[in-house]
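Data block below; observations after.
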Amino acid sequence: MRCIFEENDVVCAEVRNFQHDGSLQLQARSQKYGKLEKGQLLIVDPYLVKKSKQHFHHLEQFGIDLILGRNGFIWVGEHVEARDSMVVDQANSSEQSRVPEEKNQTHTPLEMRQNICRIANAVRVLSTLGFSIDADLILETVELSSTVKIDIHDMLGSEFHVLVAEREPERRSLMGKRKR
Amino acid sequence: MVGLSVGEKHFIQGGIAQDLRSDGRKRLTYRPIYVETGVIPQAHGSARVRLGATDVIASVKAELGKPSALQPDKGNIAIYVDCSPTAAPMFEVGRGGEELSTELSVALQRCLLGGKSGAGAGIDPTSLVVVEGKVCWDLYIDGLVISSDGNLLDALAAAIKAALSNTGIPKVDVAADATSDEQPEVNISDEEFLQFDTSGIPVIVTLTKVGRHYIVDATSEEESQMSSAVSISVNRKGHICGLMKRGGVGLDPSIILDMISVAKHVSEQLINKLDSEIAAAEASEEES
């Protein structure tokens, strides 16, 4: 198993069921699950991630995967194509020996990294403000930061927090109107 | 902080190489600094400094004591740091935080107190003397780490600077008819206080080397990837008051010289920012 997973690896999986003693059974049977690399993991309070239909989001305009875990672990990383399971097994055994060397040379391209950082900071701002985190809110926060042309790092300063907080009542009243 | 996977480590190293760290900072950018003063009313001076998720408190207490026989014209200053078990999981178990506490205490003593003779100190010990050879102020500076997310040394040095700015030493009246052998009577005033001149106190800039580049103000994740770290204490005049290197990897001397000049450059901005934050904190403390 160690040639596939090691301690501290980041993995996305679904909870299949609970055992009587409290342990969980996880499943990762389709290609959209598995090891996560090329990105950053954010840890927020679990109550901020509400149950929804979709927890895996592929943000096409950024080319980024956003995974909202109900345990509060949020993954923001480069998009990985879900490959066809039949072809994978043969290719994997030869690929694995190559991958470590490749990593030493290729880093994430700068623009992709900027998008990842912007989205990650949006999540951090929402977590500090105590707002429930869902993909739509994250995207709106990222758009807001681009509209006011704020530096990625300045998103974590007080002014942007105030901006996001001020915009929230408007947003909620709009959503309330739409539902009715 | 949970452990880091290989993919995450690679992402952090790549970010530092490309000058875009995980929170969007450049290599030489500090996290936003928040300073509050007067957080411990019973102490003569105190301050709390937050640097991202790193949160530290410094307090200054002054007691009357006797100067040492070797240096009768100087007061005594002691700096001690404690890492609270709530700061990080590794501090919870038994003596986990003690090694780090000792390391931080010694580093701060070197930077702020100068050599054994008191020469080159950031805080002038001669200002603490009341009656030469007989009565002096003993300053006890305590640092407490409440939450640790990297760069503890810089945060503690900033907190100590802020706490000393906030410190008021009571005025002491000495009875005039004291004979040369006896301890003179002293009357500690409750009303009037003397403020310290803190413009000479240095700040500490820690440069963490990851791969081929150095970063300022590393988070704990970034620190876990470091090969070595150099902490340089610089004062307002641009003079170096202290220098420490951590980490097992050796550094070429030319790199150390380069780090020193980078630290000097970064310290100018940091000192200005810190001074304005301390002034703002003192102003808002007076209002409330």
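List the extent of the Cα atoms of segment B:154-288 along each of their three principal axes, largest first, rounded to whole Å.
Answer, in whole Å and largest first: 66, 43, 27 Å.
Rg over Rh of chain A, using C-alpha atoms and the Kirkwood radius, what does it come to?
On the Cα set of chain A, Rg over Rh gives 1.01.
Using Cα springs under 10 Å in a Gaussian network model of chain A, which residue among A:Ile138, A:Ile116, A:Ile43 shows the largest mean-square fluctuation?
The residue that fluctuates most here is A:Ile43.
Give me the one-decimal nm value for the distance between modelled label points at A:Gln61 and A:Cys3, 7 Å along each residue's Cα-to-Cβ direction.
4.4
How shielded is A:116-126 by partner chains, expressed as the average number of their Cβ atoms within 10 Å of its Cβ atoms?
Mean partner shielding for this stretch: 2.
As a test of the formula, what do you get for chain B when each DSSP H run with n ≥ 4 contributes -39,500 (n - 2.57) and the sum is divided by the residue count, at 222 nm and rounded to the nearest 500 deg cm²/dmol?
Numbers: 6 runs with 86 residues, N = 288.
It lands at -9500 deg cm²/dmol.
Taking each residue in B:14-25, count the Cβ atoms of any other chain within 10 Å of its Cβ, then average. What number comes out?
6
I need A:Arg124, A:Arg118, A:Arg178 ordered by Cβ neighbour count within 10 Å, fewest first.
On the way: A:Arg124 18, A:Arg118 22, A:Arg178 7.
Fewest-to-most ranking of A:Arg124, A:Arg118, A:Arg178: A:Arg178, A:Arg124, A:Arg118.
Going by average Cβ density within 10 Å per residue, which order do the peptides A:29-40, A:52-63 take, highest to lowest?
Packing proxy ranking, top to bottom: A:29-40, A:52-63.
Please compute the length gained on full extension between B:Glu99 and B:Ser127, using 0.36 nm multiplied by the number of residues separating them and subtracting their Cα-Cα distance.
Length gained between B:Glu99 and B:Ser127: 6.8 nm.
Output the Kirkwood hydrodynamic radius of segment B:226-288, Cα pairs only, in Å rounded to one decimal.
For segment B:226-288, inverting the mean 1/r across all distinct Cα pairs yields 13.6 Å.
Could you check how many percent of all C-alpha pairs in the protein assembly as shown are farther apart than 45 Å?
Distances greater than 45 Å cover 24 percent of the Cα pairs.
Report Rg(Cα)/(2.2 N^0.38 Å) for chain B, keeping two decimals.
1.08
Please give the contour-minus-distance gain from A:Arg178 to A:Ser158: 0.36 nm per residue of separation, less the Cα-Cα distance, rounded to one decimal in nm.
Details: separation 20, 0.36 × 20 = 7.20 nm, distance 3.07 nm.
Length gained, A:Arg178 through A:Ser158: 4.1 nm.
Estimate the FRET efficiency between A:His79 and B:Asp190 by the formula 1/(1 + (r/R0)^6), using the beta-carbon distance for r and 60 Å for R0, to the nearest 0.05.
That pair, A:His79 with B:Asp190, gives E of 0.35.
What's the FRET efficiency of B:Ser284 with A:Gln114 using the Cβ-Cβ distance as r and R₀ = 60 Å, to the nearest 0.05?
Details: r = 36 Å, r/R0 = 0.59.
E between B:Ser284 and A:Gln114, to the nearest 0.05, is 0.95.
Can you give the mean number of other chain Cβ atoms that lie within 10 Å of the Cβ atoms in peptide B:48-60?
Shielding by partners across B:48-60 averages 0.
If you build a Gaussian network model of chain A, linking Cα atoms that sit under 10 Å apart, which residue out of A:Asp21, A:Asp154, A:Asp136 swings the most?
Of A:Asp21, A:Asp154, A:Asp136, the Gaussian network model singles out A:Asp21 as fluctuating most.
Between B:Glu92 and B:Arg246, what FRET efficiency follows from the Cβ-Cβ distance if R0 is 22 Å, with the result rounded to 0.05?
On the way: r = 23 Å, r/R0 = 1.03.
Result of the calculation: an efficiency of 0.45.
How much length, in nm to one decimal, is gained on full extension between B:Lys237 and B:Lys66, taken as 0.36 nm per residue of separation minus their Cα-Cα distance?
58.3 nm
What nm distance separates the two modelled labels at A:Leu26 and B:Ala17, each placed 7 Å from Cα along Cα→Cβ?
Roughly 2.8 nm, to one decimal.
Give the order of B:Ser59, A:Ser127 when sorted by the count of other beta carbons within 10 angstrom, beginning with the fewest.
Sorted ascending by nearby Cβ count, the order is A:Ser127, B:Ser59.
Can you compute the modelled spin-label distance between B:Ile146 and A:Glu168, with each label point 7 Å from Cα toward Cβ, in nm?
Output for this residue pair reads 2.2 nm.
Is it possible to state the helix-based mean residue ellipticity at 222 nm for chain A, with each DSSP H run of 4+ residues giving -39500 (n - 2.57), the sum divided by total residues, to the nearest 500 deg cm²/dmol? What is it?
After summing the helix terms and dividing by the residues of chain A, the value is -14500 deg cm²/dmol.
Report the relative contact order of chain B, percent, no decimals, based on alpha-carbon pairs under 8 angstrom and at least 6 residues apart.
On the way: 584 pairs, mean separation 58.8, N = 288.
Across chain B, relative contact order equals 20 percent.
Bear in mind these aren't lab numbers, they're just calculated from the coordinates by the rules spelled out. Just so you know, these numbers come straight off a predicted model, no measurement behind them. When we count neighbours, we look across all protein chains shown, and the Cβ atoms used for this are built from the backbone with ideal geometry, even at glycine.
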